[in-house]
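Peer 1: Quick one: this structure, given as structure tokens, is what I'll be asking you about.
The values are calculated or read from the model by the stated rules, or taken from the named source; none is laboratory data. Nothing here was measured: the structure is a model prediction, and the numbers come from that model. A quick note on method: Cβ atoms are made from the backbone with ideal geometry, for glycine too, and the neighbour counts reach across all protein chains shown.
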Amino acid sequence: MKVILAKSAGFCFGVDRAVNKAMDAAKAYGSPIYTYGELIHNRTVVEELENMGVFVTDDIDSVSEGTIIIRSHGVGKDVFEKISEKGLTLVDATCPKVKSVQNKVEKYHNMGYNIVIVGDCTHPEVIGVNGWCENSASIIDDPVKAKMYTSEKPVCIVAQTTIIKDMFDEVSSEILKNYPDSIVFNTICLATRDRQSEAEELAKVCDAMIVIGGKNSSNTKKLADLCSIHTDRVYLIESADDINKEVFCDDDTVGITAGASTPSQVISEVLGLWTTQ
């Protein structure tokens, strides 16, 4: 059996930066230390941080002292204000790509624009970005809904950094038909685009695809969705323990890719199922 690993599988820059910041904080600050929500969508990393004394909280109101780490997805402006008011130590691990989207949204909202975020309204990144325009953004992930969008103000369109590019193009195109003067920022992360493109091209030439990542990871699910366009044998797994090798044939060509929150160790363990004798 032939196994091919996608070149860009695993941690992206923003996730790697966030994990390093959290580990540095564990060494630099005394307990208690919390991440506001899971730092990244990977249980292995979350457990490793817990072993270092960094725990997850979903409620800043319950934290009276210590350090709060903002995860790579980012948060709304009000969260920063609350951390400051409570006198907590802040470590901002927001991905710079996400921070750039937040800055654009805040700038154009203050200039009187209505903001459209092309993305998933339930995703932490989108919720955080919306918090930089007083939660006034229209969040759209469907071209049909985009056709029905109306605005009495000029429009500024941005993208969730991990959204599929075709979706961003379709939604923004529909809005531009009615509001041709809209300002459009394609804020999809380049690393995300490359990862998605590589996964799709690999799926075209493989009999099956293994996509490694957290089941609650948006970017991992999108990789699986793209692969599913080209092969009906897509296996979304979190670790090597989830793989049943019996579903593969000796003459299969199997592609492997991984979400941006998947550690290299987990990828190596999956590859080891076939390379270790």
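Peer 1: Given the conditions (1) aliphatic (A, V, I, L, M); (2) more than 30 Å from residue 169 (Cβ to Cβ); (3) modelled with pLDDT of 95 or more, report the number of the one that residue 111 does not fulfil.
Peer 2: (2)
Peer 1: Collect the residues in region 40-67 that are over 14 Å from residue 261 (Cβ atoms), within 23 Å of the chain's Cα centre (by Cα) and of a type in the set (Val, Ile, Thr), keeping them in residue-number order.
Peer 2: Result: 54, 56, 57, 60.
Peer 1: Would region 96-108 turn up any residue that is in contact (Cβ under 8 Å) with a residue 40 or more places away in the chain, assigned by TED's automatic domain parsing to the domain that holds residue 153, touching a Phe, Trp or Tyr at 6+ places or on another chain (Cβ under 7 Å) and not charged (D, E, K, R)?
Peer 2: Within region 96-108 (the criterion being in contact (Cβ under 8 Å) with a residue 40 or more places away in the chain, assigned by TED's automatic domain parsing to the domain that holds residue 153, touching a Phe, Trp or Tyr at 6+ places or on another chain (Cβ under 7 Å) and not charged (D, E, K, R)), the answer is yes, since at least one residue qualifies.
Peer 1: For the subset of region 236-254 comprising residues that are over 23 Å from residue 47 (Cβ atoms) and in contact with an Asp or Glu (Cβ under 9 Å, 6 or more places away or on another chain), which member is surrounded by the fewest Cβ atoms within 10 Å (Cβ to Cβ)?
Peer 2: Of the residues in region 236-254, the ones over 23 Å from residue 47 (Cβ atoms) are 244-254.
Still in the running and in contact with an Asp or Glu (Cβ under 9 Å, 6 or more places away or on another chain): 248-249, 251-254.
Details: 248: 20, 249: 10, 251: 8, 252: 14, 253: 14, 254: 20.
Selected residue: 251.
Peer 1: Still on this model: Please note which helices (runs of 4 or more DSSP H) are completely contained in region 1-107 and include at least 1 residues that are in contact with a Lys or Arg (Cβ under 9 Å, 6 or more places away or on another chain) and either modelled with pLDDT of 95 or more or surrounded by 19 or more Cβ atoms within 10 Å (Cβ to Cβ) (or both).
Peer 2: 13-28
Peer 1: May I ask you to list the residues in region 109-166 that are among the small types (Gly, Ala, Ser) and touching a strand residue (DSSP E or B) at 6+ places or on another chain (Cβ under 8 Å)?
Peer 2: Restricting attention to region 109-166, the residues satisfying the condition of being among the small types (Gly, Ala, Ser) are 112, 119, 128, 131, 136-138, 146, 151, 159.
Of everything in region 109-166, those that are among the small types (Gly, Ala, Ser) and touching a strand residue (DSSP E or B) at 6+ places or on another chain (Cβ under 8 Å) turn out to be 119, 136, 137, 138, 146, 151, 159.
Peer 1: Right, here's the next one. Would you confirm whether any residue within region 203-212 is outside any loop (DSSP other than H, G, I, E, B), closer than 30 Å to residue 148 by Cα and in contact (Cβ under 8 Å) with a residue 12 or more places away in the chain?
Peer 2: No, region 203-212 has no match at all.
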